[in-house]
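Structure first, commentary second.
The values are calculated or read from the model by the stated rules, or taken from the named source; none is laboratory data. If you're wondering where the values come from, they're calculated on a predicted model, not measured in any experiment. So basically every Cβ, Gly included, is an ideal-geometry build from the backbone, and we count neighbours across all protein chains shown. Accessible surface is based on the protein model in full, side chains and every heavy atom, while ligands, DNA and RNA are left aside. Shrake-Rupley method; radii C 1.70, N 1.55, O 1.52, S 1.80 Å.
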2 protein chains.
Amino acid sequence: MNLLLISNSTTSGQPYLQWPIEHIRKFIGGCAETAAFIPYAAVTFSYDDYEARVQARFNELDITVQSVHRSPDPARAIREAELVIVGGGNTFALLQKMQEQGLVEAVRDATLKGIPYIGWSAGSNIACPTIRTTNDMPIVEPASFEAAGLVPFQINPHYLDAHPDGHAGETREQRIEEFLAANPTVTVAGLREGCLLRIGDDRRELIGDRPMRIFRHGTTPQEVNPGDNLDTLFK
Amino acid sequence: MNLLLISNSTTSGQPYLQWPIEHIRKFIGGCAETAAFIPYAAVTFSYDDYEARVQARFNELDITVQSVHRSPDPARAIREAELVIVGGGNTFALLQKMQEQGLVEAVRDATLKGIPYIGWSAGSNIACPTIRTTNDMPIVEPASFEAAGLVPFQINPHYLDAHPDGHAGETREQRIEEFLAANPTVTVAGLREGCLLRIGDDRRELIGDRPMRIFRHGTTPQEVNPGDNLDTLFK
């Protein structure tokens, strides 16, 4: 396994994918010239537009982005890729289309063979056992909530501590506590914006300038800092 | 049909169910002494506790709240109720359990017979055709997203305009635009906190001190004020 799981594509006020691009460069290490891109989280803009937007940033890495929506055999494109990229957007739309095209299994097979995987936002949710910790609205109904399970824990991307003043809806922490009440054996990693997880066979690293918040049923949430050992997440 | 669909149970800093209780009193109009209560949106506290909390407020109306989780035949309890109440919490947990016990159909049958229905938050989501406009985390997987369909449009409860500063996650309006892109024939009513819809066979009313925001695919969202005609929502 060789995974780069990114909380968010864009930091407020900055261009698309700018903040993580140097982390992506180091992760790839010059070992790919092409990438198979899964654009299916796009809902309010076209897959063509999504591919072009990602290509524009990956030009900096001299990588050609090939969106699977133009492939005659998307699952094969994933299995034979040098690098797999799954972009953010709506997690339900992403998973539904991936299931329809057999891409959940294809991504699992590809990463098991060692093909590097980069995901952000919904692309990080898809790397988890299920999409049950997505923040997205369930605008379409996937065949099931089961995802690729590349890591044994759940990520909550865009994790945030703030809550709009005077609003009575649940905080993010309350939502995750609800998840734990219903799924008491599962660990949740609240990955704040500007942070990412780099996970290899002998490397498990939180990168970013903020800690990650780890939630387990029946215990007080724990803050984990960049550089801390992450092995307990994999038990 | 005789529906009271409430955005939220609790206004910041006030006791549980206090703000809507006078609206609930007028809606019931002294015509019920008991209510069948569906508590299944509760996840981090027990159904017994939920029943007790709602009973405490409904004491003011001299109504005995009977939670269906204690009934030997919950579907029958709903069909034979004087009044049906569906409380808020997690919409996915609520729908899953309602499906398991045949309560989606029971609620539909009951309201078609004219039994009054009161729902807040997740209880308002359940009154819609599907739960695709819930704000909740998909912590459990219902058999489908189909809900009771008591109204022909989707409600987004706890609708809010604000967005935490410096956070790159989607705004609520962006989420609803994603919904519309995937479901272009469906209308969404963004029901702000402190607001409710009262819907009878010859009465369709927004009540509260704020407008409701109506979203339709391909058009600019519209603000509808309390007192405005709501008939277009039912076309």
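General observations
- Dipole magnitude (debye, nearest 20) for the protein assembly as shown, charges at Cβ of Lys, Arg, Asp, Glu: 180 debye
- Length gained when the stretch B:Ala52-B:Glu141 is fully extended (0.36 nm per residue, less Cα-Cα span): 29.3 nm
- Of all DSSP beta bridges confined to segment B:2-234, the antiparallel ones make up roughly 50%.
- Sequence-ordered 3J(HN,Hα) estimates for segment A:126-139 from the Karplus curve with 6.51, -1.76 and 1.60 and θ = phi - 60° stand at 5, 6, 8, x, 9, 9, 5, 10, 6, 8, 7, 7, x, 5 Hz, glycine and proline given as x.
- Using θ = phi - 60° and Karplus 6.51 cos²θ - 1.76 cosθ + 1.60, couplings along segment B:194-206 (whole Hz; Gly, Pro as x): x, 10, 8, 10, 10, 10, x, 5, 10, 8, 9, 9, 8
- The HN-Hα couplings worked out from phi for segment B:37-42 by the Karplus form 6.51 cos²θ - 1.76 cosθ + 1.60 (θ = phi - 60°) are 10, 9, x, 6, 7, 6 Hz, whole numbers, x standing for Gly and Pro.
- In nm, spacing of pseudo-spin labels at A:Glu205 and A:His23 (7 Å Cα→C-beta vector): 1.1 nm
- Value of relative contact order over chain B, rounded to a whole percent, pairs C-alpha under 8 Å and six or more apart: 21 percent
- Between B:Leu3, B:Ala42, B:Ala162, the Cα set farthest toward the positive side of the dipole of segment B:2-234 (charges on each charged residue's Cβ, about the Cα centre) is that of B:Leu3.
- Axis angle, to the nearest 10 degrees, between helix B:91-100 and the longest C-alpha principal axis of chain B: 50 degrees.
- Relative contact order computed over segment B:151-224 (Cα-Cα under 8 Å; 6+ residues apart), in percent: 30 percent
- Relative contact order computed over segment B:72-170 (Cα-Cα under 8 Å; 6+ residues apart), in percent: 31 percent
- What you get for chain A, charging only the Cβ of Lys and Arg (+1) and of Asp and Glu (-1), is a dipole of about 260 debye around the Cα centre.
- Acute angle (nearest 10 degrees) that the helix A:172-182 long axis makes with the longest principal axis of chain A, alpha-carbon atoms: 90 degrees
- Label-point separation, A:Glu100 to B:Glu60 (7 Å along Cα→Cβ), nm: 4.9 nm
- Residue-normalised accessible area of segment A:70-125, given per residue in Å² at a 1.4 Å probe: 34 Å²
- Fluctuation leader among A:Pro221, A:Pro72, A:Pro129 - chain A, Gaussian network, Cα springs under 10 angstrom: A:Pro72
- Only one residue of B:Ala110, B:Phe179, B:Phe58 has its Cα farthest out toward the positive end of the dipole of segment B:2-234, where Lys and Arg carry +1 and Asp and Glu -1 on Cβ, and that residue is B:Ala110.
- Placing dummy labels 7 Å off each Cα toward the beta-carbon, the span from B:Arg216 to A:Arg70 is 3.7 nm.
- Mean residue ellipticity, 222 nm, helices only, chain B: the sum of -39500 (n - 2.57) across DSSP H runs of n ≥ 4, divided by residue count and rounded to 500, is -7000 deg cm²/dmol.
- Accessible area that becomes buried as A packs against B, both chains, 1.4 Å probe, Å², nearest 100: 3400 Å²
- Shortest first, B:Pro152 label-point distances to identical copies amount to 5.3 nm, with the label point at 7 Å from Cα along Cα→Cβ.
- Placing +1 on the Cβ of every Lys and Arg and -1 on the Cβ of every Asp and Glu, with nothing else charged, gives segment A:24-71 a dipole about its Cα centre of roughly 160 debye.
- Carbon and sulfur %, accessible surface of chain A computed with the full protein complex present, 1.4 Å: 45 percent
- Under conditions of 37 °C and 0.692 mPa s, chain A yields 184 µm² s⁻¹ as its translational diffusion coefficient, taking Rh as the Kirkwood radius over Cα pairs in the Stokes-Einstein equation.
- Sorted shortest first, the distances from the B:Asp202 label point to those of the same residue in the other copies are 8.1 nm; each point sits 7 Å from Cα along Cα-to-Cβ.
- Which of B:Gly227, B:Trp120, B:Pro138, positive extreme of dipole for segment B:2-234 (C-beta unit charges): B:Gly227
- Cβ-derived FRET efficiency at R0 41 Å, A:Lys113 paired with B:Thr185, nearest 0.05: 0.45
- Surface accessible to a 1.4 Å probe, per residue, for the residues of segment A:145-235, Å²: 45 Å²
- Helix B:103-112 vs. chain B, principal-axis angle (Cα, 0 to 90°, nearest 10): 90 degrees
- Residues whose amide H comes within less than 5 Å of that of A:Thr64, counting only those at least five positions distant or on another chain, are A:Thr34, A:Ala35 (H built at 1.01 Å from N in the peptide plane).
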